[in-house]
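Below: the structure, in structure tokens.
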Amino acid sequence: MSNSMWGGRFADAPDAVLEAINASIDFDRRFYAQDIRASKVHVAMLAATGIVAREDAAAIFKGLTEVQAEIEAGNFTFSRALEDIHMNIESRLAEIVGPAAGRLHTARSRNDQVATDFRLFVRDALDALDLSLAQLQTALVDKAIEHSATVMPGFTHLQSAQPVTFGHHLLAYVEMIGRDRSRVTDARKRMNECPLGAAALAGTSFPIDRTMTARGLGFDRPTANSIDSVSDRDFVLETLSIAAICAGHLSRFAEELVLWSTPQFGFIKLSDRFSTGSSIMPQKRNPDAAELVRGKSGRVTGALVAMLTVMKGLPLAYSKDMQEDKEGLFDALDTLDLCVAATAGMVADMTPDPAAMRRAAGSGYSTATDLADWLVRVVGMPFREAHHVTGRIVAKASETDTPLEKLPIEEMQAVEPRITEEVFEVLGVRNSVKSRTSYGGAAPDNVREQAGRWRRILRKEIAKLETPAEEG
């Protein structure tokens, strides 16, 4: 027999293979709440415009509430024969309400229905992501304040470059994640238009009120073109792009945690809660949580590439290819959520070793630039000449493996006679860090100021994000 939801066009039932490849209920059941919410707003609009009798609308509304209660209680039977969450809900609604349930689908199609449900789902997911990222920022800020003056080596090319502080280094990731959150805000604003009422692709002849529907679902406005309304998946691509960039940021940090926790670096110790052992080597402490955060970034990026590939050749309007928009996004968001939580946990629990960091900060002649700057500032050399002189002094110090701050003044003066004892005031790593007072620099006072600013911002933003918005 034909699928009852398709009407009378088909005489035969779909092949089992078609049913298997066509069904999406195994994964799109995740937005049952969004589907029911959109249906309630839709039927309220149908009643307000006189398209559906109020008594039928009231029965449908009550029936939808009952369906949602069944799903949330685990008493709902999902059917793959009914393909998707929309048809599963509508079929059960018909059993509860009777023929009046058939009026719910007036002036809409599954095309605009799924577009609306999915936007609602993604919007909720972006709000949740924004909150979890703000909480990760808070963990980083708290640790940065605690270690605002903890000197560590700053690297370029993974070689010692100049001394910085551990707090300053952590704040770099606070800034990265801040950009991730700004992308969340931008994407959420751009996608906050309501496709419901676009129907299959051409709109509808019923006198619907799309503005009422949009407002009832918390959208800023209805979408302006019915074809674009049902064929647009930019909001999925943008969300996956945000997720991929964010996962990349977490992966970079995870790589540093892996390096820092090795005996060769020894900068930090990860807690037992975020480390594992070896089945054969009892001494091992493996940073598995960090390695998995690093590894899972590829999974998130893969979901973005897959979705870009799905969309690149589709003619307007809707094609069933677009059913592939969900599983990748669900997996990417689940994966990213887990990675954010793991990263926040590692940050909160890790124990830095300031002594190890300080020892490493002085290696590799990391204060050479401070010497060159001193020659410019005090002696009056052009920087290029100062660079050359400093290089000769570093070469001399390296012959005896002597740190710059311990090289005898006579050795320096043999290269440049105008150097005085005053130079030693800038050569220690602590003096170097303290001197970096330019805006955004590594000086401890700067770090405390920036971390304090972030802490104030985050407290306000988290309080706002934790306050549930009223539904329309």
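The values are calculated or read from the model by the stated rules, or taken from the named source; none is laboratory data. Please read all numbers here as calculations on a predicted model, not as lab measurements. All Cβ positions, even for glycine, are placed from backbone atoms using ideal geometry, and neighbour counts span all protein chains on display. Ligands, DNA and RNA are excluded from the accessible area calculation, which covers all protein heavy atoms including side chains. Shrake-Rupley method; radii C 1.70, N 1.55, O 1.52, S 1.80 Å.
Results, tabulated for the structure shown:
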item	result
Scope segment 230-239; condition open to solvent by less than 30 Å² (accessible area, probe 1.4 Å) and either within 17 Å of Asp337 (Cα to Cα) or not in a helix (DSSP H, G or I) (or both); matching residues	Asp232, Arg233, Val236, Thr239
Segment 296-308 residues that are of a type in the set (A, V, I, L, M) and surrounded by 19 or more Cβ atoms within 10 Å (Cβ to Cβ), paired with ones that are at pLDDT 95 or above and not in a helix (DSSP H, G or I) (beta carbon under 9 Å, 6 or more apart)	Met307/Arg233
Residue among Thr351, Thr343 that is of a type in the set (S, T, N, Q), modelled with pLDDT of 90 or more and touching a Phe, Trp or Tyr at 6+ places or on another chain (Cβ under 7 Å)	Thr343
Looking only at segment 309-345, and only at residues there that are small (Gly, Ala, Ser) and within 26 Å of Asn111 (Cα to Cα), the one that is surrounded by the fewest Cβ atoms within 10 Å (Cβ to Cβ)	Gly313
Qualifying residues in segment 154-182 (those that are of a type in the set (Val, Ile, Thr) and crowded, with 17+ Cβ neighbours inside 10 Å) - the one farthest from Leu133 (Cα to Cα)	Val164
Positions within segment 367-396 being among the small types (Gly, Ala, Ser) and in a loop (DSSP other than H, G, I, E, B), in sequence order	Gly380
Index of the failed condition, Gly203 passing every other in (1) free of Cβ contacts under 8 Å to residues at least 24 places away in the same chain; (2) assigned to a helix (DSSP H, G or I); (3) closer than 24 Å to Asp321 by Cβ	(2)
Selection from segment 183-200 of residues that are surrounded by fewer than 18 Cβ atoms within 10 Å (Cβ to Cβ) and assigned to a loop (DSSP other than H, G, I, E, B)	Asn192, Ala200
Top-ranked residue of segment 245-271 - restricted to ones that are in contact with a strand residue (DSSP E or B) (Cβ under 8 Å, 6 or more places away or on another chain) and not in a loop (DSSP other than H, G, I, E, B), ranked as most open to solvent (accessible area, probe 1.4 Å)	Lys269
Single residue of segment 305-333 satisfying the filter (part of a helix (DSSP H, G or I) and among the small types (Gly, Ala, Ser)) that is nearest to Asp84 (Cα to Cα)	Gly328
Selection status of Arg384, over 44 Å from the mean Cα position of the chain (by Cα), of a type in the set (D, E, K, R) and surrounded by fewer than 20 Cβ atoms within 10 Å (Cβ to Cβ)	no
Subset of segment 397-412 that is in a helix (DSSP H, G or I) and either buried (at least 16 other Cβ atoms within 10 Å of the Cβ) or in contact (Cβ under 8 Å) with a residue 24 or more places away in the chain (or both) - its residue that is farthest from the chain's Cα centre (by Cα)	Met412
Total residues in segment 55-80, condition more than 17 Å from Ala94 (Cα to Cα) and outside any loop (DSSP other than H, G, I, E, B)	3
Hits in segment 81-108 (condition: in a loop (DSSP other than H, G, I, E, B) and crowded, with 20+ Cβ neighbours inside 10 Å)	Glu83, Asp84, Ala107, Arg108
Selection count where residues are within 21 Å of Arg359 (Cα to Cα) and touching a residue at least 40 places away in the same chain (Cβ under 8 Å), scope segment 374-396	0
Val376 being crowded, with 20+ Cβ neighbours inside 10 Å and of a type in the set (Val, Ile, Thr)	no
Residue identified as within 21 Å of Lys326 (Cα to Cα), open to solvent by 20 Å² or more (accessible area, probe 1.4 Å), assigned to a helix (DSSP H, G or I) and in contact (Cβ under 8 Å) with a residue 60 or more places away in the chain among Ile242, Ile227	Ile227
Pro282 vs. criteria open to solvent by 50 Å² or more (accessible area, probe 1.4 Å), more than 27 Å from the chain's Cα centre (by Cα) and farther than 28 Å from Val151 by Cβ	yes
Hits in segment 334-366 (condition: farther than 21 Å from Glu255 by Cα, in contact (Cβ under 8 Å) with a residue 12 or more places away in the chain and assigned to a helix (DSSP H, G or I))	Ser363, Gly364, Tyr365
Selection status of Asp117, open to solvent by 10 Å² or more (accessible area, probe 1.4 Å), out of contact with any Ser or Thr (no Cβ under 8 Å at 6 or more places or on another chain) and more than 30 Å from Asp445 (Cβ to Cβ)	no
Test: residue in segment 132-148 that is touching a residue at least 24 places away in the same chain (Cβ under 8 Å), at positive phi, part of a loop (DSSP other than H, G, I, E, B) and open to solvent by less than 20 Å² (accessible area, probe 1.4 Å)	no
